[in-house]
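Engineer: Next up is a structure, given as structure tokens.
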Amino acid sequence: MLTSKHTMIILSAMLLFTACRSSPDYSLAKPHHSARGFRNNYPHDPKSGFWKWKWGQWTKGIPEDPSGGYGFEVLKPDLATLSANHGAAALTWIGHATFLLQAGGLNILTDPHFTERASPLSIAGPRRVVPPAIALDELPHIDAVVISHNHYDHLDYGSVTKLAKQKGGAPRFFVPLGLKQWFANNGIDNVTELDWWDSHNFAGVNFYCVPVQHWSQRGLTDTNATLWCGWVIEPTALRVFFAGDTGYSRDFADIQQGFGSFDLALLPIGAYEPRWFMKIMHVNPEEAVQIYKDLHARYAAAMHWGTFRLTDERLDEPPRRLAAALDAAAISREHFFVMKHGETRSLAFLQQDEVATRGR
């Protein structure tokens, strides 16, 4: 006889399976697909110990914020220049994993997050230490958005629903398998859903969904029910990699094998302590440097630090550790650079003659 506990287990399993099967591309024949959802390509320790981590925070505390706060400098972007830019390649860091990439004649946003908290609740959960460098209504018209996975610091309901209502029409949202239904449930239909290694050409720019090591969850019963990914974006004469959220794995060597070298990689450097818990899902600065090398990237920009207090390291620690890791690897800090919130960098240096002549 089924007990209520058994019934809940069965219902949870059915919800997981239904969420995965909502995509016609879901197939148990694919190694990263399973009856319970999705899984990473390479073996790693199981994700566990959340309450052990929280108990350590409650009993031992976490590094204190410096008096007066971190003092991060937030630059005010030149909004007129950004809005008028219809051809020059440029990158603006808005905060956390949110970049405005202007290339190939498109304005592309990565994992847009513009609200106060990375949380399902407006009154609780990780709160911004640094405000968005650009407000949503100050953005130039956004043509495309890439979403790496469904965690609240990467898929923000308030941000994507407002973007879908922007003047001039909604952007095209690119999402990994299983997330199209979430967008449809929220009234957003301009969505392209891709599996790992699938691609779609939009307005002359290629978007590739590629594997990274992470996981997904948005509710109590949907762990790994939707896919997670990184994105390769190929405007004219450029190849850009956006990692989203990831632990270190052989996936990056696989991506390099599939694409060759990269002009620019947008790589996370924060939210990595304690390592015994975060290692499988978040890289530290030293591992970010290894990803840069695995990808054969010419340049990299740091992200996923300094915006939300998500883990145990101080918010201002990742850039210092990155600098030390780069020095140890004899890599120029100009080649793997840290931007200020709101900083815009011209990417003209990526479009030099050698980009077109390196034998792609």
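Engineer: Would you please list the contacts, defined by Cβ atoms under 9 Å and residues six or more apart or on different chains, that run from a residue in segment 56-68 that is surrounded by 10 or more Cβ atoms within 10 Å (Cβ to Cβ) to a residue that is at pLDDT 75 or above and of a type in the set (Lys, Arg)?
Structural biologist: 62/309; 62/314; 63/314; 65/309; 65/314; 66/314
Engineer: Quick one: which helices (runs of 4 or more DSSP H) lie wholly within segment 253-360 and hold at least 2 residues that are surrounded by 19 or more Cβ atoms within 10 Å (Cβ to Cβ)? Reasoning before the result, please.
Structural biologist: On the way: elements: 275-278, 285-294, 317-328, 353-356.
Hits in segment 253-360: 275-278, 285-294, 317-328.
Engineer: Does residue 87 meet the test of being on the phi > 0 side of the Ramachandran plot, surrounded by fewer than 16 Cβ atoms within 10 Å (Cβ to Cβ) and not aromatic (Phe, Trp, Tyr)?
Structural biologist: Numbers: on the phi > 0 side of the Ramachandran plot: no; surrounded by fewer than 16 Cβ atoms within 10 Å (Cβ to Cβ): yes; not aromatic (Phe, Trp, Tyr): yes.
No.
Engineer: I'm trying to understand the selection: among the residues of segment 203-226, which are in a strand (DSSP E or B), without any contact (Cβ under 8 Å) to a residue 60 or more places away in the chain and more than 17 Å from the chain's Cα centre (by Cα)? Break it down into steps so the answer makes sense when it comes.
Structural biologist: Restricting attention to segment 203-226, the residues satisfying the condition of being in a strand (DSSP E or B) are 205-210, 213.
Still in the running and without any contact (Cβ under 8 Å) to a residue 60 or more places away in the chain: 206, 208-210.
Within segment 203-226, just 206 meets the criteria.
Engineer: Count, please, the residues in segment 238-252 that happen to be in contact with a Gly (Cβ under 8 Å, 6 or more places away or on another chain), part of a strand (DSSP E or B) and touching a residue at least 60 places away in the same chain (Cβ under 8 Å).
Structural biologist: 1
Engineer: Would you check which residues across segment 1-51 are surrounded by fewer than 11 Cβ atoms within 10 Å (Cβ to Cβ), modelled with pLDDT under 75 and outside any helix (DSSP H, G or I) and list them?
Structural biologist: Matches in segment 1-51: 1, 2, 3, 24.
Engineer: Moving to a separate point now. Looking only at helices (runs of 4 or more DSSP H) that lie completely in segment 76-192, which have at least 3 residues being hydrophobic (A, V, I, L, M, F, W, C)? Steps first, please.
Structural biologist: Numbers: elements: 79-84, 157-163, 180-185.
Filter on segment 76-192 gives 79-84, 180-185.
Engineer: While we're on this one: I'd like the residue in segment 233-247 that is surrounded by fewer than 21 Cβ atoms within 10 Å (Cβ to Cβ) and in contact with a helix residue (DSSP H, G or I) (Cβ under 7 Å, 6 or more places away or on another chain) and, out of all such residues, is modelled with the highest pLDDT.
Structural biologist: 238
The values are calculated or read from the model by the stated rules, or taken from the named source; none is laboratory data. This one's a predicted model, so the numbers in the text were calculated from it and none came from an experiment. Heads up, the Cβs are rebuilt from the backbone with ideal geometry, glycines too, and the neighbour counts pull from every protein chain shown.
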